[in-house]
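Peer 1: There's a structure below that I have some questions on.
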Amino acid sequence: MRKKFYYYIFLLFVQLSFSQNVNFIIQVNEKLAEQGRIANLYVKFSTENQSKKYYVNYYPGDLILNEEVWSLINSPSIDKFYLHFDFYTYTKESQKIKSFDMEINKKLLEQPYLIANIYDFRDKKYKRWYQWHTKESYIVEFKHPQSGILVRAN
């Protein structure tokens with residue numbers, strides 16, 4: 001019993017010392033993106049010379065970045081990066097996969113919380129409301145303290 005206790009304390013310490021959590025929620029079409037619906041989640045850094053991706057973990061409410069990714073985000077040469085994931089939807093007997101990329105900057109990660117509302121235009125309601133903002137097949141709205149709102153058409 002005592003060994004298990006020390007083992008769990010050790011695992012907790014390792015997790016806390018080698019990763020950084022960001023208070024981050026992902027919603028797709030106003031519904032929480034649960035863990036089983038998100039796959040292939042990575043952070044992509046693009047510089048003049050190269051593009052490199054690092055896989056990260058996400059649990060609803062926590063974006064978990066390892067020490068290497070966190071140091072890259074905090075480096076002066078990086079202003080923005082992209083968070084990519086594949087989102088799985090299930091209708092009747094079919095499965096559909098949609099890939100999303102979000103451009104994130106350092107200022108967003110400094111917020112006490114960050115909610116990414118993604119509106120997928122495969123749903124006609126969101127296409128009618130928000131398509132006029134972009135030529136993409138989806139739009140991302142970030143919510144945090146003192147953030148604005150995405151204006152929708154009627």
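The values are calculated or read from the model by the stated rules, or taken from the named source; none is laboratory data. The structure presented is a predicted model; accordingly, all values stated were derived computationally and were not measured. Neighbour counts run over all protein chains shown; Cβ positions are idealised from the backbone, glycine included. What goes into the accessible areas is simple: the full protein's heavy atoms, side chains included, and nothing from ligands, DNA or RNA. Shrake-Rupley method; radii C 1.70, N 1.55, O 1.52, S 1.80 Å.
Peer 1: Under the condition of being among the acidic types (Asp, Glu) and open to solvent by 90 Å² or more (accessible area, probe 1.4 Å), which residue from segment 88-139 is farthest from residue 152 (Cα to Cα)? If you could, list the steps in order and put the result at the bottom.
Peer 2: We begin by selecting, within segment 88-139, every residue among the acidic types (Asp, Glu); these are 93, 101, 103, 110, 120, 123, 136.
Those left that are additionally open to solvent by 90 Å² or more (accessible area, probe 1.4 Å): 93, 103, 110, 136.
On the way: 93: 32, 103: 21, 110: 27, 136: 16 Å.
Among those that are among the acidic types (Asp, Glu) and open to solvent by 90 Å² or more (accessible area, probe 1.4 Å), it is 93.
Peer 1: Would you check which residues across segment 70-100 are under 17 Å from residue 35 (Cα atoms) and either modelled with pLDDT under 90 or of a type outside the set (A, V, I, L, M) (or both) and list them? Walk me through it before giving the result.
Peer 2: Going through segment 70-100, the residues under 17 Å from residue 35 (Cα atoms) turn out to be 83-90, 95-100.
Selection gives 84, 85, 86, 87, 88, 89, 90, 95, 96, 98, 99, 100.
Peer 1: Conditions first: (1) closer than 23 Å to residue 20 by Cα; (2) assigned to a strand (DSSP E or B). Residue 107 passes all but one, so which condition is the exception?
Peer 2: Looking at each condition in turn, residue 107 falls short on (2).
Peer 1: Check whether at least one residue in segment 54-67 is of a type outside the set (Gly, Ala, Ser), within 11 Å of the chain's Cα centre (by Cα), surrounded by 11 or more Cβ atoms within 10 Å (Cβ to Cβ) and in a loop (DSSP other than H, G, I, E, B), and report yes or no.
Peer 2: Yes, there is a match, as at least one residue in segment 54-67 is of a type outside the set (Gly, Ala, Ser), within 11 Å of the chain's Cα centre (by Cα), surrounded by 11 or more Cβ atoms within 10 Å (Cβ to Cβ) and in a loop (DSSP other than H, G, I, E, B).
Peer 1: Do you know which of the residues in segment 70-87 that are in a strand (DSSP E or B) and open to solvent by less than 50 Å² (accessible area, probe 1.4 Å) is farthest from residue 120 (Cα to Cα)? Step through it out loud before you land on a result.
Peer 2: Step one: of segment 70-87, the residues in a strand (DSSP E or B) are 80-87.
After this cut, where a residue has to be open to solvent by less than 50 Å² (accessible area, probe 1.4 Å) as well, the list is 81, 83-87.
Details: 81: 21, 83: 16, 84: 15, 85: 13, 86: 12, 87: 10 Å.
Only one residue fits best here, namely 81.
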